[in-house]
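Okay, structure first, notes after.
Every number here is computed from the coordinates shown, using simple stated rules; none is lab data. Owing to the predicted nature of the structure, the values given are computational and were not obtained by experimental measurement. Note: ideal-geometry Cβ built from the backbone for every residue, glycine included; neighbour counts use all protein chains shown.
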Amino acid sequence: MTSSFKTAALLSLLLACPLAAQAGAARDDGATHYRPTGKGHAELDNDAGASARKAAAKVVKTPSNGILYHGGPVMNNVNGTNVYYIWYGNWTGSTTPAILTDLASNLTGSPWWNINTSYADGAGKKVVNRVNWLGSTTDSYSLGAALSDANVKTVVTSAITSGRLPSDANGIYVVLSSADVNETSGLCTQYCGWHSAATLGAVVIKYAFVGNPDRCPTACGTQTSGPNSNTGADAMASIVAHELAETVSDPQLNAWYDSRGYENADKCAWTYGATYTAANGAVANLKLGARDFLLQQNWVNAAGGACAKAY
Ligand SMILES: [Zn+2]
């Protein structure tokens, strides 16, 4: 589910993602289908479920809005989606937790999150414009400063089994790492964040990893100084938003994605729409609560489909 890629060909596919998305976003010709890995790049859809998913893709949403439904669940609880953060590493003295907590706390009702309401399950039940910030926990290097994908999963499941966070099928658990922490499957070289799901007991736990762009401002950053005067956090904000949007529309990597395996936020990565200058001189494109942010656009699954920062 979270396959990692090491080849130059797939790396170039990842790097080409934003431009390719703009050029071919509205064209799902159905000829070749890929499935998402949660890391913003695709692998050939050749597993045992491929035939069923292709059949599903052919019968739903014709003509499409540039993204296809593959039959799986979306996170469309009428009470909204719950978000938890796990602060991994050393966050002492950092303004990042306050900035990203404000982000998650102010998505409800926003024009940006409303884009996700253009996604529904097979019964037509839509994602709602509500995100419930339900808290966080810390993890001070329980698995060291070089995490594998499996380690990230363990960080999440440990937070739950230890009782530091509840087990919540309607939750998204986001692991946020400090700048000294690496994710060895390709942070900064193949992705800036990713999302996945795992079964814990009887509950399907949805979770995401968001690395710290201070490790690699060229690859994962947005601007030298962001609207909240914290380069890493301001870049992380867009990546957190990206992963949350993908998780509600494709929580188990079998719901909404296009023929190349691009999920909604992949199709609009690193594009921002109209921007303005924040009070501190940085570039921003929207306000949530009291803060300005520069969040990437997301794919609107309506009216033919398009990247937008509001819906
Ligand atoms: Zn993505």
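Taking residue 156, is it farther than 22 Å from residue 103 by Cα, among the hydrophobic types (A, V, I, L, M, F, W, C) and either within 16 Å of the ligand (Cβ to nearest atom) or buried (at least 21 other Cβ atoms within 10 Å of the Cβ) (or both)?
Working: farther than 22 Å from residue 103 by Cα: no; among the hydrophobic types (A, V, I, L, M, F, W, C): yes; either within 16 Å of the ligand (Cβ to nearest atom) or buried (at least 21 other Cβ atoms within 10 Å of the Cβ) (or both): yes.
Spelling it out, it is not the case that residue 156 is farther than 22 Å from residue 103 by Cα, among the hydrophobic types (A, V, I, L, M, F, W, C) and either within 16 Å of the ligand (Cβ to nearest atom) or buried (at least 21 other Cβ atoms within 10 Å of the Cβ) (or both).
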- Note on the range 97-132: residues surrounded by fewer than 22 Cβ atoms within 10 Å (Cβ to Cβ) and in contact with a Leu (Cβ under 9 Å, 6 or more places away or on another chain) are 97, 102, 105, 106, 110, 111, 129, 130
- Which ones in the range 165-196 are away from the ligand (no atom under 14 Å from the Cβ), part of a strand (DSSP E or B) and in contact (Cβ under 8 Å) with a residue 40 or more places away in the chain? 171, 173, 175, 176, 177
- Could you figure out which of (1) touching a residue at least 24 places away in the same chain (Cβ under 8 Å); (2) in a helix (DSSP H, G or I) isn't true of residue 150? (1)
- Checked against (1) over 24 Å from residue 66 (Cα atoms); (2) out of contact with any Leu (no Cβ under 9 Å at 6 or more places or on another chain), residue 222 satisfies every condition except (2)
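Free of Cβ contacts under 8 Å to residues at least 60 places away in the same chain, assigned to a strand (DSSP E or B) and surrounded by fewer than 19 Cβ atoms within 10 Å (Cβ to Cβ): does that describe residue 135? Full working, then the answer.
Working: free of Cβ contacts under 8 Å to residues at least 60 places away in the same chain: yes; assigned to a strand (DSSP E or B): yes; surrounded by fewer than 19 Cβ atoms within 10 Å (Cβ to Cβ): yes.
Yes; evaluated as a whole, the condition is true for this residue.
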- Query: Only one residue in 271, 222, 275 is touching a residue at least 60 places away in the same chain (Cβ under 8 Å), surrounded by fewer than 20 Cβ atoms within 10 Å (Cβ to Cβ) and of a type in the set (Ser, Thr, Tyr), so which one is that?
  - Reply: 271
- Message: Exactly one condition in (1) more than 14 Å from the ligand (Cβ to nearest atom); (2) surrounded by 22 or more Cβ atoms within 10 Å (Cβ to Cβ); (3) of a type in the set (Asp, Glu) is false for residue 263; which is it?
- Response: (1)
- Task: Please verify whether the range 241-255 includes one or more residues that are in contact with a strand residue (DSSP E or B) (Cβ under 6 Å, 6 or more places away or on another chain) and more than 16 Å from the ligand (Cβ to nearest atom).
- Result: no
